[in-house]
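Shown next, in structure tokens, is the structure this report addresses.
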Amino acid sequence: MMKNTVIYKLLQNDKAGRIVLSALFALMVLVPLSNMLLPPDSFLHVPTYTVTLLGKYLCYALLALALDLVWGYCGILSLGHGAFFGLGGYAMGMYLMRQIGDRGQYGNADLPDFMVFLNWQELPWYWSGFESFTFALVMVMLVPGILAFLFGWLAFRSRVTGVYFSIITQALTYALMQAFFLNDFGFGGNNGLTDFKDILGFDIQANGTRIVLFMLSAFMVIVAYLLCRFIIQSKLGRVLMSIRDAESRSRFLGYRVEHYKLFVFVLSAVLAGIAGALFVPQVGIINPSEFNPVNSIEIVIWVALGGRGTLYGAIIGAVVVNYVKSFYTGAMPEMWLFMLGGIFVVATVYANAGVIIGVILSAVVSSIYAGISTLIGSEINPFVMLFFALGTLYICAKYFDFFWQKSLPFLTTLPLIGNVLKEKVVTSHSEVKS
Amino acid sequence: MSHTPINSPSRKITSILQLSGVTKSFDGFKAINNLSIDIKPGELRAIIGPNGAGKSTMMDIITGKTKPDTGEVTFKDVVDLTKHDEADIANMGIGRKFQKPTVIETLTIWQNLELALAGHRSILQTLFWRLNNDQAKRIDDVIALIGLAEKRDDLAANLSHGQKQWLEIGMLFIQEPEVLLVDEPAGGMTDTETMVTARLLKEISQRHSVIVVEHDMDFVRELDCKVTVLHEGSVLAEGSLDTVSSNPRVVEVYLGR
Ligand SMILES: Nc1ncnc2c1ncn2[C@@H]1O[C@H](COP(=O)(O)OP(=O)(O)OP(=O)(O)O)[C@@H](O)[C@H]1O
Ligand SMILES: [Mg+2]
């Protein structure tokens, strides 16, 4: 019976994908159950804060999936996917702003606070319609989709490829960042859109809302994964790969390369937009920094780490890097960029699962170092911490084959141990500070 | 797509492919210089010439990869190929094998042929494409023809140079073009394989027009067809292999070396 379902067929030759999707499904069900049913002091209780954090990671996973579709399968290295994510986020943010109504600081029912502050008398035309959720949802997909279409149409038709394409996508997201920074652009300038109150009438801070948003994020990752599988399993997917590997061969076989590129690029931008739209209500803010070119490069690192052209790797990469990032930006923010650079280099040199294990273990080793320093009462030296982190990463990646054969079962339990340790260290650390 | 009725049965085609006065320069260097060539329907033509004579550039111009500076390239007497791009030209029925064998290395032999199989070039068609039995059989037949039956599910990356040549010829074949442009098919092949390739191309030319570029003289002799000698971007001599090889100019620039 199972054998006839579409999903079964899509995942038939994708063992890792089945594992990742099952894990996502389990998270989608178990996390809300644990949050709602278990008492807060239970070891297995997932606090609402963590639910939202996970939801945020899943939005990144969706974004990474979108990038892997174009980069991994069609060879289009977009360094501007943050722009599509940001636009989807802004579209959702605009809806959320309109929902505030007269509950803003200025109590103006017709205008968002920042417009009142700028002395605007009426809503600009491009804000109309956003009081409707349906309209906003359409815009979430349409705006990134249309931008990707126009941009891709120009670029692919003029056969801009490779690094030149990557550079102009960076320019695109940079230009958008500059535009959104302007107050007169009409999207809240520097501060962006924030202070949201509710979504579809539900309080955006409420436990239930957060859980539903988390579940929706997990659900969307699963749906997008299956959609991407459907595409890459079809002959269309093989055309994409042929464009990636031998573009002119594909043309001489009679495939309109620019149409295919445009198709995946637009689809990918739409997925990125949806990711942004799910992200904004969970983090409660969208501002121009989402368009920062560095963000777009980070997405590439997630995908490279997880394994380009695998789809499931994009999900793993996004979740692992962001999990580790939240640890480092807490413990040693000034070192994160170095760490990120290290991850990228090691992921490129040793493209194996050891890199992922290494990234996770580096956080564990760093917390052990931090824990010991705290216990013996000495300062945490960020350079030493970085040394330990990068060293762990390097050893895991380099000697992965050895570890794989000898001790993988043991290694997989380490992140759990690390998590517990980290909680202890972070709490003891903050106690020391206060 | 062109709306010219290129396939109307009422019209008798005099030349399947005609280049007249074609010139193309790269940074002032004339790779193709006032080149005129005329290929009849169903003709098998060998093109020879020293390195840098412009043979591959000529194929680039016919297939739309390179636009000529001046001159005309006409398909079936009426279609001006310089106004079309690679995909259009491929879909009109001009297929090409590259000098450096180019197959999709991350796909299997079978998938490479499936990709080349005639028809189904639009996005929606490829997304919902299902192979039918006739098509599967056709792919299997071609795999047998190119001698790769045992490797049908191997990645093309694992093939030897000669086997990649075969695969690419197979892809060209299954694409069912009316004109086949074959750039140095015998590279990397053993002597026997070279002869088999020549015979295969001869057989194909019963039903299609074939233009072959090759350096291997035994191969050209085996083709037993009209030969065009290119030199510095234009035609130096044309005729049977024996005629051209006794031409003193040809001997000087090419054969004599
Ligand atoms: N895109 C290009 N840019 C600059 N020069 C080019 C380009 N393509 C071809 N050429 C030059 O044009 C000349 C003809 O090249 P072509 O590849 O057509 O020769 P060929 O007859 O196929 O030679 P071979 O037997 O080596 O394959 C060469 O001198 C080559 O360097
Ligand atoms: Mg050549």
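What is the angle, in °, between the Cα long axis of helix B:133-145 and the longest principal axis of the Cα atoms in chain B? Nearest 10 is fine, range 0 to 90.
The helix B:133-145 is inclined about 50 degrees to chain B.
In segment A:46-291, what is the volume of the convex hull around the alpha carbon atoms, normalised per residue and reported in Å³?
Working: hull volume 29.3 nm³, N = 246.
In segment A:46-291, the Cα hull volume divided by residue count equals 119 Å³.
In the P(r) worked out for segment A:1-106, what percent of Cα pairs fall beyond 24 Å? Walk me through the numbers on the way to the answer.
Numbers: 2937 of 5565 pairs.
So the portion of pairs separated by more than 24 Å is 53 percent.
Give the relative contact order (percent, whole number) for chain B; include only Cα pairs under 8 Å separated by 6+ residues. Spell out each step's value before the answer.
Working: 461 pairs, mean separation 66.2, N = 257.
With pairs under 8 Å counted, the relative contact order is 26 percent.
Mean residue ellipticity at 222 nm from the helices of chain A, using -39,500 (n - 2.57) per DSSP H segment of n ≥ 4 over the full residue count, to the nearest 500 deg cm²/dmol? Could you put the intermediate results ahead of the total?
Values: 17 runs with 319 residues, N = 434.
That calculation yields -25000 deg cm²/dmol at 222 nm.
Calculate for chain B the 222 nm mean residue ellipticity that helices alone would give, adding -39,500 (n - 2.57) per DSSP H run of length 4 or more and normalising by residue count, nearest 500 deg cm²/dmol.
-9000 deg cm²/dmol
Mind sorting B:114, B:203, B:232 by how few other Cβ atoms lie within 10 Å of their own Cβ, fewest first? Don't skip to the answer; put the middle values down first.
Values: B:114 21, B:203 11, B:232 15.
Ordered from fewest to most neighbouring Cβ atoms within 10 Å, B:114, B:203, B:232 come out as B:203, B:232, B:114.
Hand me the GluC sites (Glu not before Pro) from segment A:238-330 located in a DSSP loop with no more than 14 other Cβ atoms within 10 Å, in residue order please. Each step should come with its number before you reach the end.
Values: sites: A:247, A:258, A:290, A:298; in loops: none.
Passing both the DSSP loop test and the Cβ count: no residue.
Restricting to DSSP loop positions (anything but H, G, I, E, B) with no more than 10 other Cβ atoms inside 10 Å of their own Cβ, which trypsin sites (Lys or Arg not before Pro) remain in segment B:128-215? Walk me through the numbers on the way to the answer.
Values: sites: B:130, B:137, B:138, B:151, B:152, B:164, B:199, B:202, B:207; in loops: B:130, B:152, B:207.
Sparse-neighbourhood loop trypsin sites (Lys or Arg not before Pro): B:130, B:207.
Average projected area of the Cα convex hull of the protein assembly as shown, in nm²?
Working: hull surface 156.3 nm².
With every direction weighted equally, the projected area is 39.1 nm².
Taking only C-alpha pairs under 8 Å that are 6+ residues apart, what is the relative contact order of chain A in percent? Let's see the in-between values first.
Details: 633 pairs, mean separation 103.3, N = 434.
The normalised contact order for chain A reaches 24 percent.
What order do you get for A:57-65, A:280-288 when each peptide is scored by the mean count of other beta carbon atoms within 10 Å, highest first?
In descending order of packing, they fall as A:57-65, A:280-288.
Give, as a single signed number, the net charge of other residues whose beta carbon lies under 13 Å from the beta carbon of residue A:53, with Lys and Arg counted +1 and Asp and Glu -1.
Details: positive: A:56, A:210, A:325; negative: none.
Its environment carries a net charge of +3.
Fewest first, what order do B:178, B:72 take by the number of other Cβ atoms within 10 Å? Write down the numbers at each step before the final one.
On the way: B:178 20, B:72 14.
Least to most surrounded, the residues fall as B:72, B:178.
When a footprinting reagent is the concern and you count Cβ atoms within 10 Å, what order do B:246, A:34 take, fewest first? Could you put the intermediate results ahead of the total?
Numbers: B:246 13, A:34 16.
So the ranking, lowest neighbour count to highest, is B:246, A:34.
For segment A:201-260, which chymotrypsin sites (Phe, Trp or Tyr not before Pro) are in a loop by DSSP, counting at most 10 other Cβ atoms within 10 Å? The partial results should precede the final answer.
On the way: sites: A:202, A:214, A:219, A:225, A:230, A:252, A:255, A:260; in loops: A:255.
Answer in residue order: no site qualifies.
Per residue of A:227-237, count partner chain C-beta atoms within 10 Å of its C-beta, then hand back the mean as an integer.
Values: counts 0, 0, 0, 1, 2, 0, 0, 5, 12, 9, 2.
The shielding value for this peptide is 3.
How well do other chains shield peptide B:106-113, expressed as the mean number of their Cβ atoms within 10 Å of each residue Cβ? Please report the intermediate quantities before stating the final value.
Details: counts 8, 4, 1, 0, 0, 4, 4, 0.
That works out to 3 on average.
Above 23 Å lies some portion of the pair distances; for segment B:17-255, what is it as a whole percent of all C-alpha pairs?
Values: 14218 of 28441 pairs.
More than 23 Å apart: 50 percent of the Cα pairs in segment B:17-255.
Once whole DSSP H runs in chain A are found, which of them have Cα atoms spread over 27 Å or more along the helix axis and a mean Kyte-Doolittle score of at least -0.5?
Values: long enough: A:15-37 (32 Å, 1.58); A:48-74 (38 Å, 1.21); A:81-100 (29 Å, 0.56); A:133-157 (35 Å, 2.03); A:162-181 (29 Å, 1.22); A:207-233 (39 Å, 1.66); A:257-283 (39 Å, 1.55); A:312-331 (29 Å, 1.00); A:353-375 (33 Å, 2.00); A:400-433 (42 Å, 0.18).
Span-like helices, by this rule, are A:15-37, A:48-74, A:81-100, A:133-157, A:162-181, A:207-233, A:257-283, A:312-331, A:353-375, A:400-433.
So what is the relative contact order of segment A:46-291, in percent, for Cα pairs below 8 Å that sit 6 or more residues apart?
Numbers: 372 pairs, mean separation 106.3, N = 246.
Relative contact order of segment A:46-291: 43 percent.
Every number in this text was worked out from the coordinates using simple rules, so none of it is lab data. Given the structure is predicted, the values throughout are model-derived calculations rather than measurements. Neighbour counts run over all protein chains shown; Cβ positions are idealised from the backbone, glycine included.
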